[in-house]
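A short worksheet on the structure shown next.
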Amino acid sequence: MHDVAIVNQANTGVSMRHLLHYLLIAMLSLASVGCATHALHSSKNASTEKINSFLITPDKATLVVAGEQHHFIFPLSEPLKSVLQWSGRTKLTPAFDKFTVNAGQNVSGSYTLQADVGKLTVEEHQFLTQRGFRQQGNTLAYSASIQGTRYLAGNVRVPQTAFFRQPYELTVVEPDGVANTAAKIALTPLTLAADGATAVLGGIVLAPFFGLLMVSGGL
């Protein structure tokens, strides 16, 4: 019996050593995965663009986001187009997620519009729900993606035309290889009129987009 006990203890010791060995391998494997994941995210170049102005064409078909270094031009479609023309748009609060740009300087990202249900009339609530807004507690929210094109601002620096409710920035992520094409970005199609403050796109004078993003003003 004494010999059996010794054998069992020996086997237990071996088993424990094997278990610790396997645990060590597992831990090293997880660490390697973690490092690889970190390297994957680190390989992407993220930059933050401070926004100077939001501009829109008279027909509300094109939105221009003018940053300090780049201009972003987004074609607008429904329901966003009609929401941006809505008289109650001052009750909406926007938020932007990260945007990704590819080698062709095509930009895609997402945004969310929110409204406090308690501040909406019955008609306003109905208007928003008919356009895809969904209630989440005391908030009506609408999220969607948006695509456009990024251009180099160059010497065309659009001045800030109104005070924003809050500072606005776009975080743009450039996957590996895209950063190397930065020097090939096309110059902005925007120009400034003689007054130095009015932006023009393709011969069309752009209007500052007030209401949704800014403190005061109106289209």
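Values quoted throughout were computed directly from the atomic coordinates according to the rules given, and no laboratory measurement underlies them. Note that the structure is predicted; figures quoted are calculated from it, not measured. Here the Cβ positions follow ideal geometry from the backbone for every residue, glycine too, while neighbour counts run over all protein chains shown.
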Gain on full stretching of the segment that runs from ASP59 to THR191 - 0.36 nm per residue minus C-alpha separation: 45.6 nm
Shape of region 51-124, Cα gyration tensor, a/c cut at 1.5: prolate
Fully extended contour minus Cα-Cα distance, from VAL205 to LYS119, at 0.36 nm per residue: 27.6 nm
Within-12-Å neighbourhood charge of GLN160 [Cβ basis; K, R +1; D, E -1]: +1
Sequence ranges 194-206, 69-81, 143-155, ranked by mean other-Cβ count within 10 angstrom, highest first: 69-81, 143-155, 194-206
Lysines whose Cα lies under 24 Å from that of LYS91, excluding same-chain neighbours fewer than 8 positions away: LYS50, LYS60, LYS81, LYS119
